[in-house]
Amino acid sequence: MTRWLIVALQNVFATDRQMAFLLGPRQVGKTWIACHLGNGVQYFSWDVSDDRRLILTGGRELAERAGLYTLSDKPPVVVFDELHKFPRWKDFLKGFFDTWEGKCRIVVTGSAALDAFSQGGDSLMGRYFLWHCHPLAWAEVLADPEGASLDDEDAVWRLYETLGGFPEPFLRRDPAFWRRWRALRWKQLFREDVRDLTASLDLDRIETLGQILLEQATGQCTWSTLATRLQVSQDTLRRWVSLLESLHTIFLLRPWSANVSRSLLKEPKVFFADWSWITDRGARVENLAACQLRSQLAFWQDQGLGEFGLWYLRDKDGREADFLVSRDGKPWLVLEVKASETKLSPGFLYMAKQVGARHNFQLVCDLPEVEADPFSRGPEPLVVPMRTFLRRWGLAPPP
């Protein structure tokens with residue numbers, strides 16, 4: 001399967017000298033993408049003892065292994081995996097990049113440690129760009145019929161909605177495998193990954209927080225209520241939520257307040273990177289849409305195609321719309337998401353009028369796909385099959 005990120009990285013590597021820091025959830029395909037950037041990719045993992053020895057010693061032997069002393073038509077791609085486990089990984093990368101800048105392209109696959117590092121000041125400034133790796137987008141699935149086995153697109157869509165967009169369980173198409181994979185991934189996230197990133201001994205309560213958030217997925221979170229349920233302070237709760245965000249387990253959307261009278265200002269809504277964990281179908285479909293929006297906006301922004309933001313809309317009178325996409329600081333797209341309901345939601349209609357976005361769609365999961373392009377219509381609110389929208393939601397931003 002050809003991921004969009006592979007194509008994007010290949011394009012920028014033809015011109016840019018910066019390293020690519022590839023961030024994303026566990027098992028989303030970061031290493032696979034890095035190792036499929038072309039022929040002759042040189043891969044080094046901190047978890048492999050021979051590779052670790054080369055990284056620790058550095059110098060000529062590592063460069064020879066990477067092919068940096070061999071004449072080639074294109075600069076080789078050097079991939080460092082799990083490098084964040086090396087305490088001096090930043091110094092190592094700075095020295096390696098400064099020595100071999102222009103003679104190779106460097107990819108570093110990221111974990112929560114890399115993500116946290118990227119959010120503060122660092123000595124690598126100007127030497128790297130961030131790239132975010134997300135689960136498979138539906139348009140990516142459609143773009144690769146051989147890898148996706150699209151003999152029956154409706155059946156594949158049902159599997160996509162149920163099994164999620166993480167490559168291995170989706171491509172296996174085996175519900176039994178998916179259940180085992182999901183259980184193991186949950187355990188790894190809330191035991192191994194949380195333990196590695198925090199000195200907290202409250203692993204059980206952090207896992208309970210994950211379960212509570214899963215029950216409330218796509219809903220608003222009130223920190224005081226959650227803190228009371230878990231019998232911790234609000235500061236502790238916020239740290240735990242930030243930890244789950246840094247692990248790419250959840251993400252939060254906050255309310256858009258500009259142009260909305262009596263808008264909410266604080267309460268975020270919580271979504272999961274893996275929508276297949278959510279049992280309620282309405283919430284799962286909304287979470288699927290949130291993941292698609294978020295991944296595409298990050299992809300466009302990583303390429304420098306604009307400044308995009310994802311929000312939700314709700315006022316103090318309870319009127320709401322599921323999503324607002326901002327483009328360069330202005331409302332661009334308002335979306336309501338339904339599993340099967342085709343009657344335009346009154347809250348969506350109200351918010352569409354209030355915000356004045358260029359496009360206003362109510363996406364319906366169960367409607368059959370059509371060929372028409374919804375972005376060719378004006379701002380008038382429109383019911384759109386979800387798959388039609390997601391097919392159009394592709395490599396470049398619509399007008």
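The values are calculated or read from the model by the stated rules, or taken from the named source; none is laboratory data. Every value quoted in this text rests on a predicted model; they were computed, and no experiment measured them. All Cβ positions, even for glycine, are placed from backbone atoms using ideal geometry, and neighbour counts span all protein chains on display.
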Of the numbered conditions (1) over 17 Å from ALA290 (Cα atoms); (2) outside the structural domain of VAL156 (by TED's automatic domain parsing), PRO397 satisfies every one except a single condition; which is it?
-> (1)
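Condition check ((1) under 23 Å from GLN303 (Cα atoms); (2) touching a residue at least 60 places away in the same chain (Cβ under 8 Å); (3) of a type in the set (A, V, I, L, M)) across all residues:
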{"position": "ASP16", "(1), (2), (3)": "yes, yes, no"}
{"position": "GLY24", "(1), (2), (3)": "yes, yes, no"}
{"position": "THR31", "(1), (2), (3)": "yes, yes, no"}
{"position": "CYS35", "(1), (2), (3)": "yes, no, no"}
{"position": "SER49", "(1), (2), (3)": "no, no, no"}
{"position": "VAL79", "(1), (2), (3)": "yes, no, yes"}
Within the range 326-345, can you find the residues that are among the polar types (S, T, N, Q) and buried (at least 17 other Cβ atoms within 10 Å of the Cβ)?
-> SER326, SER345
Output for Cβ contacts, cut-off 7 Å, separation at least six or different chains, first residue in contact (Cβ under 8 Å) with a residue 12 or more places away in the chain in the range 190-213, second of a type in the set (Gly, Ala, Ser) and not in a helix (DSSP H, G or I), reads ILE206/SER200
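Which one of these is without any contact (Cβ under 8 Å) to a residue 40 or more places away in the chain, surrounded by 23 or more Cβ atoms within 10 Å (Cβ to Cβ) and in the same structural domain as MET386 (by TED's automatic domain parsing): PHE323, PHE348?
Details: PHE323 fails: without any contact (Cβ under 8 Å) to a residue 40 or more places away in the chain.
Among PHE323, PHE348, only PHE348 is without any contact (Cβ under 8 Å) to a residue 40 or more places away in the chain, surrounded by 23 or more Cβ atoms within 10 Å (Cβ to Cβ) and in the same structural domain as MET386 (by TED's automatic domain parsing).
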Assess whether VAL28 counts as being surrounded by fewer than 18 Cβ atoms within 10 Å (Cβ to Cβ), within 30 Å of GLU168 (Cα to Cα) and touching a helix residue (DSSP H, G or I) at 6+ places or on another chain (Cβ under 8 Å).
-> no
Matching option when the condition is within 21 Å of the chain's Cα centre (by Cα), part of a loop (DSSP other than H, G, I, E, B) and over 30 Å from ASN11 (Cβ atoms), among ALA183, ALA217 = ALA217
Does the range 215-226 hold any residues that are surrounded by fewer than 18 Cβ atoms within 10 Å (Cβ to Cβ) and either more than 23 Å from TRP275 (Cα to Cα) or among the β-branched types (Val, Ile, Thr) (or both), and which are they?
-> THR222, SER224, THR225
